[in-house]
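Participant: Got a structure here, written out as structure tokens. Questions coming.
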Amino acid sequence: DAGVIQSPRHEVTEMGQEVTLRCKPISGHDYLFWYRQTMMRGLELLIYFNNNVPIDDSGMPEDRFSAKMPNASFSTLKIQPSEPRDSAVYFCASSLGPPDEKLFFGSGTQLSVL
Amino acid sequence: AQTVTQSQPEMSVQEAETVTLSCTYDTSESDYYLFWYKQPPSRQMILVIRQEAYKQQNATENRFSVNFQKAAKSFSLKISDSQLGDAAMYFCAYRSYFGNEKLTFGTGTRLTIIP
């Protein structure tokens, strides 16, 4: 398996624009996570899905953020409208779930909002 | 809520020497998992080692081993025979055994290997 695949690797946009980040989890993994990494706050969980259903979205910062998982092989994280404080690295990760608890991460998307 | 603390923002070690990275955590749960992840300059998070809290034996993966002290809520990572490729950010992480599947991360330790 190719691992967790994220696109794009880098995204530069202007304040107010819509940004869509994409993730393809490892085939067969039932759990998908979106994390955000910044210097100030470290790694924060934004949302996670189990079998395509959102389970915990308490980490989503505000209504400008939304995440979907229309099927087992694809998820998106959308920011609309984007703001400079959204600049961060966004990671997608997947896991099989209990009893296998290992998370596998993608390479992340470096988002810069100007 | 669980918290994970890494008190060493930066560490350095001579190549071929041994280094220990510290991690403490706070939880009221008795069953859980602990992890060390490595983040090299390539940015991707790589699992280094994991420990189940119900196991008393410390986990070992080649040059990497942990010192798990459950009562003290301490989970340190020892890297033996340090190599240049070990240079990275290292994150300690906690995951509940039951219920919530999310990982809670510490703030990380940047490890530099001195040739």
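Participant: So what is the relative contact order for chain B, in percent, with contacts set as C-alpha pairs under 8 Å and at least six apart?
Facilitator: Working: 285 pairs, mean separation 42.9, N = 115.
The normalised contact order for chain B reaches 37 percent.
Participant: Let me ask something additional. Using the Karplus curve 6.51 cos²θ - 1.76 cosθ + 1.60 with θ = phi - 60°, work out ³J(HN,Hα) for each residue of region B:19-25 in order, rounded to whole Hz, and write x for Gly and Pro.
Facilitator: Calculated HN-Hα couplings, in order: 9, 10, 9, 9, 8, 10, 9 Hz.
Participant: Show me, for region B:76-93, the HN-Hα J-couplings you get by feeding each phi into the Karplus relation (A = 6.51, B = -1.76, C = 1.60, θ = phi - 60°), rounded to Hz, glycine and proline as x.
Facilitator: 9, 10, 10, 10, 9, 6, 3, 10, 4, x, 7, 4, 4, 8, 10, 10, 8, 9
Participant: Moving to a separate point now. Is the C-alpha gyration tensor of region B:42-101 telling us rounded, prolate or oblate? Criteria: a/c under 1.5 is rounded; beyond that, a/b larger than b/c is prolate, otherwise oblate. It would help to have the intermediate numbers written out before the result.
Facilitator: Values: a/c = 2.38, a/b = 1.39, b/c = 1.70.
Judged from the Cα gyration tensor, region B:42-101 comes out oblate (a/c at least 1.5, b/c at or above a/b).
Participant: Under the rule of at least 5 residues apart or a separate chain, name every residue whose amide H is placed under 5 Å from the amide H of A:E83.
Facilitator: Residues meeting the criterion, in which the H sits 1.01 Å from N, are A:G16.
Participant: Out of residues 5 or more away from B:T112 or on other chains, whose amide H comes under 5 Å of its own, with H placed 1.01 Å from N in the peptide plane?
Facilitator: B:M11, B:S12, B:V13
Participant: Here's another thing I want to ask about it. Out of A:S73, A:S58, A:S95, any idea which swings most in a Gaussian network model of chain A, alpha carbons joined below 10 Å?
Facilitator: Taking springs between Cα atoms under 10 Å, the residue moving most is A:S58.
Participant: Pairs A:K24/B:K73; A:K102/B:K38; A:K78/B:K38; A:K68/B:K102; A:K102/B:K73; A:K24/B:K55: which are spaced more than 25 Å apart, C-alpha to C-alpha? If you can, show how the numbers build up before the last one.
Facilitator: Working: A:K24/B:K73 35 Å; A:K102/B:K38 14 Å; A:K78/B:K38 27 Å; A:K68/B:K102 18 Å; A:K102/B:K73 21 Å; A:K24/B:K55 33 Å.
Distance filter (> 25 Å) returns A:K24/B:K73; A:K78/B:K38; A:K24/B:K55.
Participant: So, with +1 on the Cβ of K and R and -1 on the Cβ of D and E, and no other charges, what is the size of the charge dipole of chain A about its Cα centre, to the nearest 20 debye?
Facilitator: 220
Participant: Taking θ = phi - 60°, what integer Hz values does the Karplus form 6.51 cos²θ - 1.76 cosθ + 1.60 yield along region A:55-69, in sequence order, with x for Gly and Pro?
Facilitator: 9, 9, 10, 5, x, 5, x, 6, 5, 5, 9, 9, 9, 9, 9
Participant: Per residue of B:105-111, how many C-beta atoms from partner chains lie within 10 Å of its own C-beta, taken as a mean? Each step should come with its number before you reach the end.
Facilitator: Working: counts 6, 2, 4, 3, 0, 0, 0.
The per-residue average across the peptide is 2.
Participant: Positive end of the charge dipole of chain A (Lys, Arg +1 and Asp, Glu -1 on Cβ, about the Cα centre): tell me which of A:H10, A:S75, A:Y35 has its Cα farthest that way.
Facilitator: Farthest towards the positive end: A:H10.
Participant: Could you work out which residue, out of B:Y54, B:Y25, B:Y37, moves most in a Gaussian network model of chain B, that is, has the largest mean-square fluctuation with Cα springs under 10 Å?
Facilitator: Sorting by GNM fluctuation, first place goes to B:Y54.
Participant: With the cut-off at 1.5 for a/c, could you classify the protein assembly as shown from its C-alpha gyration tensor as rounded, prolate or oblate?
Facilitator: Values: a/c = 1.88, a/b = 1.42, b/c = 1.33.
Prolate, since a/c reaches 1.5 and a/b exceeds b/c.
Participant: Taking H as built 1.01 Å from N, whose amide H comes closer than 5 Å to the amide H of B:I49, not counting residues under 5 places away?
Facilitator: Under 5 Å from the amide H of B:I49: B:W36.
Participant: Would you work out the relative contact order for chain A, in percent, from Cα pairs under 8 angstrom that are 6 or more residues apart? Please report the intermediate quantities before stating the final value.
Facilitator: Values: 289 pairs, mean separation 42.4, N = 114.
Answer for chain A is 37 percent.
Participant: While we're here: Relative to the Cα centre, what is the charge dipole magnitude of region A:9-71, using +1 at the beta carbon of each Lys and Arg, -1 at the beta carbon of each Asp and Glu, and rounding to the nearest 20 debye?
Facilitator: On the way: 7 positive and 9 negative charges, 52 e Å.
Dipole about the Cα centre, nearest 20: 260 debye.
Participant: Sort out for me the Cα centre separation of region B:17-70 from region A:41-66, rounded to whole Å.
Facilitator: The two parts, judged by their Cα centres, are 25 Å apart.
Participant: Which whole-number percent is the relative contact order of region B:7-55 (Cα, under 8 Å, 6+ apart)?
Facilitator: Values: 43 pairs, mean separation 14.4, N = 49.
It comes to 29 percent, rounded to a whole number.
Participant: Taking B:K70 as the anchor, which aspartates and glutamates have their alpha carbon closer than 13 Å to its alpha carbon, excluding any fewer than eight residues away along the same chain?
Facilitator: In chain and number order, the partners are B:D26, B:E29, B:D31, B:E52.
A short reminder: the numbers here are calculations on the coordinates, not readings from a lab. This structure is a prediction, so every number in the text was calculated from the model and none was measured. Counting neighbours? That spans all protein chains shown, and the Cβs are built from the backbone with ideal geometry, glycine included.
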